[in-house]
Structures are given as C-alpha cells and as structure tokens.
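*Asks:* Let me give you the structure first, and then I'll get to my questions.
The values are calculated or read from the model by the stated rules, or taken from the named source; none is laboratory data. Everything numeric here is computed off the predicted structure, so don't read it as measured data. Note that we place each Cβ from the backbone using ideal geometry, even for glycine, and neighbour counts take in every protein chain shown.
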RNA sequence: GGGGUAGUAGCUCAGUCGGUUAGAGUGCUGGCCUGUCACGCCAGAGGUCGCGGGUUCGAGCCCCGUCUGCCCCGCCA
C-alpha cells in the first residue's frame with residue numbers, strides 16, 4: 001500500500017536530532033536504512049542526508065503503525081510522526097551522532113517501497129566500482145560519498161564568498177566556443193546552422209578571461225566546467241571543474257598572496273585545518289633536482305642525490321658511459337630498507353622501467369659495508385664520497401639510476417613516491433603546500449620538431465629573459481606558478497603576455513604561420529592592441545582539491561556522476577549512437593566501423 | 001596505441017595437482033523473538049564460473065581470442 005504525503009510537513013533532518021530535542025514532537029522523512037524486528041518492538045534506522053535516527057515501533061503505542069513497520073524493507077521511503085525521548089539506560093549508541101535519543105512512532109506512512117538493492121549501502125563492504133557507477137543514484141546515498149559531495153558544495157560556496165569579498169566578479173564564459181591549436185584534444189560540437197563547422201568545448205576559459213581583463217573587469221572568477229578529450233586517470237576526467245581566476249594590474253606575488261588566502265580559507269571553513277602562510281616556494285629547477293618531479297610531495301624526505309661528478313670517472317662502465325654521453329646518475333637513499341628481499345628490489349626495478357630506466361642499481365649497507373653487485377667497480381674513495389652524498393647509514397638501501405636526465409628524474413621521482421607509500425610515510429591528514437615557480441617558457445618537442453609552450457602560449461617570459469625568446473628559447477623562464485599539495489598539482493597559472501608584439505613572437509616560436517595565428521587567435525591579437533592591462537591569473541582543480549580534502553583516492557569519488565576510464569557513463573550509458581535524422585540535420589555521416 | 005590487474009550466487013570472496021553433486025559469509029524469502037543498533041535463532045530459495053573458440057576421456061582451473069572495470073605508460077599547453 002502506497003500512502004500520500006498529505007498535509008504532513010517535515011520538522012527537520014533525522015541526523016540533526018540531539019538531546020535538546022527530547023520531549024518535542026517531530027515529523028521525519030527518509031529512507032529505512034536498517035530494520036531490527038524483535039517480534040514485538042521494531043527498530044528502524046531512518047536515514048536522510050544529515051544522518052541516521054533510530055525510530056521505535058511499539059505495538060502497545062499503536063498496533064496499526066507497528067503493523068506497517070513489519071512490512072518495511074531496506075530503502076522504503078517513510079514519513080513518521082512521534083516523540084523524541086531519551087534512550088533507556090544502557091541503550092545509548094555512542095557510534096551514532098543521534099545515539100542519545102530515539103523517536104517513539106505514533107503514526108507512519110509508507111511513501112514508497114523499494115526493490116531489493118543490488119548492493120548493500122553499509123560501509124562494511126567495498127562494492128565493485130562498475131556496480132556503484134551503474135547504480136550511481138544508490139551509491140550517492142552512502143554516507144561516505146554523501147559527505148564528499150556535501151563538502152564539495154561547501155568548498156565551492158566558500159570560494160565564491162572569499163573571491164566575492166575580495167572584489168572578484170563571477171562572469172560566465174561560453175561553452176560553445178572555438179577550437180584552438182595547442183594543448184589538449186578538443187571535444188567538438190557540430191553546428192546545425194553552419195553545416196560542416198564545429199564549436200569546441202573549452203579546455204579552460206583562458207582566452208575569454210584574458211579578454212575580460214582587456215574589457216576592464218579587473219578581477220574575474222568562475223567555478224567552471226572544462227573539457228579535454230584525453231585519456232582518463234584516477235585524477236583526470238574528460239569534464240572537470242576549475243576555480244578560474246584572473247586579475248589586472250598585479251604581478252606574481254599579488255596573485256600568490258590572494259590565492260594562498262583562498263586556500264587557507266577553504267581549509268579552515270571546510271576542513272577545520274589551519275594552513276600556515278605564506279606557503280613556501282621552490283623553483284622548478286630545484287624541484288627537479290631534489291625530487292625529480294615538478295609536483296613534489298613534501299610530506300617526507302627521501303630526496304634525490306646527484307652522483308654524476310662522483311662516478312663519471314669510475315671503473316663502472318655503465319655509469320661512466322652514461323656520464324660521458326651527457327646523461328646523469330642520481331640516486332635515493334631508502335632509509336632502513338637494506339632488509340628488502342631480492343623480489344622487492346626486482347619489483348622496484350620493474351617499476352622504474354615503466355619510465356624508461358634500463359635498470360636500478362642498489363647497495364645494501366650492512367655491517368658498515370657495501371653489499372652490492374656493483375661494489376667491486378668502485379674505489380674506497382668513491383664509495384666514501386657516495387656514502388657522504390647519500391648520508392648513508394647502517395641498514396640503508398641505496399638506489400641508483402643512470403640515463404638521460406628526463407628518464408633519471410622521472411623514474412627516481414616516481415620511485416620516491418612509491419617508496420613513501422610502501423613505507424607508510426603518507427599521512428592523508430597532513431597537508432603540505434608548496435608553490436613551484438620559474439618554469440621554463442618553452443620546451444623542444446622532439447616528435448613534432450618544434451618548440452612547445454610548457455604552460456600555455458599566453459604565459460609571459462620573465463622580464464630579464466624577454467630578449468632571448470628568439471635567440472635562445474631553452475634558457476627562458478616563464479612567469480608561471482603551480483600550487484602543489486601533497487604531490488598533486490592542484491592549481492597553476494601565470495602572468496600573461498599583454499603586448500601584441502610579444503604574443504606574436506610567441507606564436508611564431510610555436511611554429512604558427514602568420515596566416516595560421518590570424519585564423520586561430522586573431523581576435524585575441526586584435527584585442528591586445530586596444531589597451532591591454534598587465535594581468536595574470538590561476539586556475540585550481542576543484543575535483544583534485546576536494547579529493548585531497550576528503551582523503552579520496554580518485555576524483556570519481558568527489559564527482560556526482562563521473563565517467564569510467566573509457567569515458568562512458570555506466571548509469572546513462574553515454575555515449576551512444578544517435579538517429580540518422582539527427583545526423584542528417586547536422587550534415588554528418590559516420591564512417592562504418 | 002601499450003603494460004599490469006580483476007571478472008565464480010544479488011553482494012564480498014574461497015575454490016588444492018585438470019576429476020564425481022561448485023562452497024562460505026552476507027543479503028533475500030518464510031517462521032520465531034519487546035531494548036536492538038552490521039540484533040539473534042531456525043528453515044529455504046538462489047549459479048550462462050564475463051563471452052567465444054581450442055586442448056583433454058574430463059576445464060571454474062590449461063591455451064588462444066574478445067569484452068568490461070580498475071591502476072599505469074604514452075597523451076593531458
């Protein structure tokens with residue numbers, strides 16, 4: 001039997017009840033989370049978005065109401081009227097926020113039944129993710145996911161308030177926009193009215209926010225969806241959300257200071273954590289040298305050690321040859337890991353091979369000596385010098401990689417993170433920020449035989465490097481900065497080029513012909529000539545930020561309706577084929593598969 | 001495009017060396033139970049071992065292919 005709401009009005013959330021409500025009459029509505037039927041008394045945990053409350057059906061209070069409770073199953077939707085009472089002595093549940101009280105139900109309506117669920121909503125079983133994604137509406141009922149989604153809302157609201165309070169205007173930019181070269185692959189949207197032409201979904205509102213600066217809006221922000229048609233990862237979805245900001249008449253330090261304040265406010269309001277300001281800064285060059293990556297996790301040490309000079313003249317041919325051919329030798333000291341088995345070291349070796357390393361040399365420090373297949377190639381002086389560089393102590397495991405700089409830094413940088421994880425050095429409740437600055441402006445793309453922007457083509461070179469953009473592109477540094485939290489890049493930005501001459505030069509360096517750049521970026525180049533203020537900005541990845549705030553392992557766990565690694569939605573079954581009629585209207589033919 | 005990993009009851013998993021009737025817990029259904037809270041007790045139902053092919057007297061298990069989820073490389077200014 002299905003009953004109607006009628007004139008019943010909810011008086012509050014189940015999860016908000018406290019001892020202060022004792023004695024009051026309440027009307028609650030929610031889902032039957034669990035039912036405990038004693039034949040006489042029936043207990044049901046009624047659940048809504050704020051939590052659980054125990055409601056009690058006593059045949060002596062109402063035989064009819066008790067009879068209804070006998071029919072209730074998991075996830076039935078109920079409305080109940082009753083009185084809040086303290087729980088009898090000895091039956092208080094300290095594990096429940098509302099555990100001091102319960103509701104004696106006098107009237108009950110079964111608003112809707114539910115089929116038996118495909119999986120249980122309790123926290124004791126890890127359900128396969130494909131099932132969770134297919135039945136996302138059920139998964140979203142689970143308290144853990146619910147808490148993450150609610151926290152995400154709080155972060156977004158805190159962001160809007162902070163930025164509004166600091167004079168930023170929230171301005172929307174188009175989703176149907178123009179495809180541009182550079183950067184990620186675009187998602188395309190066919191134009192029905194202009195057959196054969198396409199809009200692109202924005203990879204970010206980059207050009208539009210710069211144009212808003214040119215238009216004089218001075219401070220802009222948006223919590224905005226961005227789209228990139230690239231392969232997925234645990235921290236990458238094809239559509240994701242940025243906190244996008246831009247400011248005029250400022251320099252790098254102004255932005256950094258403003259945005260540190262935003263982060264501190266978010267962590268205070270959403271998490272109750274105080275972030276110490278200012279956030280430390282580190283140059284890109286230092287990050288690569290000490291950690292091998294531009295997003296170092298500073299919650300732990302295990303820093304990389306430079307050994308090239310020590311071993312380049314050694315009798316170990318592998319190292320000497322690498323050094324002679326422009327490669328480098330670096331290592332890291334896995335403290336107290338000399339106990340690692342052959343298998344464990346083999347696993348580490350396989351791991352570094354993923355990043356192109358040919359091998360992983362190792363030394364165990366046992367009984368004050370080197371135990372290693374490579375020990376025999378080194379003189380006592382060389383060993384002493386390496387011990388000093390590593391800070392080697394009894395029981396340590398020294399690891400070495402020799403190769404091109406990129407391979408060495410990549411593999412050791414990732415190995416450092418793996419070791420920290422395996423050694424239990426990662427505390428999810430410890431939040432360590434760092435700004436990475438002074439990125440290179442351009443890097444040589446070996447595949448395409450051209451220079452490519454490290455950040456994006458609108459990023460300004462450092463003032464002192466401007467004169468070398470054309471003559472020595474590799475030495476130029478950019479006015480770019482990333483914010484890194486626990487080894488994750490959670491934001492990045494730059495001071496932009498605001499002079500047409502320099503912007504044109506940049507496009508030239510990136511190999512765009514005059515014609516090409518007019519077609520692709522003409523409107524920006526035009527706009528730059530009508531009085532562009534110095535400006536710059538930043539964008540934060542809201543999904544990654546919330547992932548870290550909630551201790552989640554994937555941004556899928558902080559997005560209400562995420563996609564699988566193949567870019568599908570298991571709930572809606574997108575993407576899908578469409579009717580021929582739709583294709584005809586768009587002037588599109590699909591190729592046979 | 002590539003590497004790795006998983007797929008057995010609704011769910012979470014076990015399944016020995018290739019061997020007879022594929023198991024457990026939980027959920028579900030029915031019965032009992034007035035202070036439980038992952039309630040308890042009793043009984044019952046429940047299987048395309050992802051899919052296709054092969055080897056074999058015999059395949060959940062071995063081989064080949066394929067699909068799907070997840071992790072990673074490439075890719076992601």
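*Asks:* Out of (1) more than 15 Å from RNA strand B (Cβ to nearest atom); (2) under 33 Å from the mean Cα position of the chain (by Cα); (3) in a helix (DSSP H, G or I), what's the single condition that is false for residue A:387?
*Replies:* Result: residue A:387 fails condition (2) only.
*Asks:* I would also like to ask the following. Among the candidates A:244, A:229, A:235, which residue alone is within 12 Å of RNA strand B (Cβ to nearest atom) and surrounded by fewer than 17 Cβ atoms within 10 Å (Cβ to Cβ)?
*Replies:* A:229
*Asks:* So residue A:278 fits all but one of (1) away from RNA strand B (no atom under 15 Å from the Cβ); (2) within 30 Å of residue A:401 (Cα to Cα); (3) in a loop (DSSP other than H, G, I, E, B); what number is the exception?
*Replies:* Of (1) away from RNA strand B (no atom under 15 Å from the Cβ); (2) within 30 Å of residue A:401 (Cα to Cα); (3) in a loop (DSSP other than H, G, I, E, B), only one is false for residue A:278: (2).
*Asks:* Here's another thing I want to ask about it. Can you tell me how many residues in region A:178-188 are crowded, with 16+ Cβ neighbours inside 10 Å and at pLDDT 95 or above?
*Replies:* 2
*Asks:* Please work out which one of (1) within 30 Å of the chain's Cα centre (by Cα); (2) surrounded by 18 or more Cβ atoms within 10 Å (Cβ to Cβ); (3) assigned to a loop (DSSP other than H, G, I, E, B) is the condition residue A:392 fails and give its number.
*Replies:* Unmet for residue A:392, out of (1) within 30 Å of the chain's Cα centre (by Cα); (2) surrounded by 18 or more Cβ atoms within 10 Å (Cβ to Cβ); (3) assigned to a loop (DSSP other than H, G, I, E, B): (1).
*Asks:* Among the numbered conditions (1) surrounded by fewer than 18 Cβ atoms within 10 Å (Cβ to Cβ); (2) within 16 Å of RNA strand B (Cβ to nearest atom), tell me where residue A:410 comes up short.
*Replies:* Tallying (1) surrounded by fewer than 18 Cβ atoms within 10 Å (Cβ to Cβ); (2) within 16 Å of RNA strand B (Cβ to nearest atom), residue A:410 fails exactly one: (1).
*Asks:* Here's something else I'd like to know. For residue A:374, which of the numbered conditions (1) more than 16 Å from RNA strand B (Cβ to nearest atom); (2) crowded, with 19+ Cβ neighbours inside 10 Å fails to hold?
*Replies:* Checking residue A:374 against (1) more than 16 Å from RNA strand B (Cβ to nearest atom); (2) crowded, with 19+ Cβ neighbours inside 10 Å, the one that fails is (2).
*Asks:* Pick out, from region A:291-382, the strands (runs of 3 or more DSSP E) lying fully within it that include 2 or more residues that are touching a residue at least 60 places away in the same chain (Cβ under 8 Å), in contact with a helix residue (DSSP H, G or I) (Cβ under 9 Å, 6 or more places away or on another chain) and under 30 Å from residue A:280 (Cβ atoms).
*Replies:* A:304-306, A:328-334
*Asks:* I'm trying to understand the selection: among the residues of region A:336-346, which are under 17 Å from residue A:417 (Cβ atoms) and exposed (fewer than 14 other Cβ atoms within 10 Å of the Cβ)?
*Replies:* A:344
*Asks:* Output the residues belonging to region A:554-593 that are more than 33 Å from the chain's Cα centre (by Cα), part of a loop (DSSP other than H, G, I, E, B) and away from RNA strand B (no atom under 12 Å from the Cβ).
*Replies:* Listed by number, the residues that qualify are A:579, A:587, A:588, A:589, A:590, A:591, A:592.
*Asks:* Does residue A:511 meet the test of being at pLDDT 95 or above, within 14 Å of RNA strand B (Cβ to nearest atom) and either at positive phi or in a strand (DSSP E or B) (or both)?
*Replies:* no
*Asks:* Another question, then. Residues that are more than 9 Å from RNA strand B (Cβ to nearest atom) and touching a residue at least 60 places away in the same chain (Cβ under 8 Å): find the helices (runs of 4 or more DSSP H) completely inside region A:54-142 holding 2 or more of those.
*Replies:* Helices (runs of 4 or more DSSP H) meeting the threshold: A:136-139.
*Asks:* In region A:444-466, which residue that is part of a strand (DSSP E or B) and within 10 Å of RNA strand B (Cβ to nearest atom) is surrounded by the most Cβ atoms within 10 Å (Cβ to Cβ)?
*Replies:* A:459
*Asks:* Among the residues in region A:471-494, are any modelled with pLDDT of 90 or more, closer than 24 Å to residue A:200 by Cα and touching a helix residue (DSSP H, G or I) at 6+ places or on another chain (Cβ under 6 Å)?
*Replies:* No, every residue in region A:471-494 fails to be modelled with pLDDT of 90 or more, closer than 24 Å to residue A:200 by Cα and touching a helix residue (DSSP H, G or I) at 6+ places or on another chain (Cβ under 6 Å).
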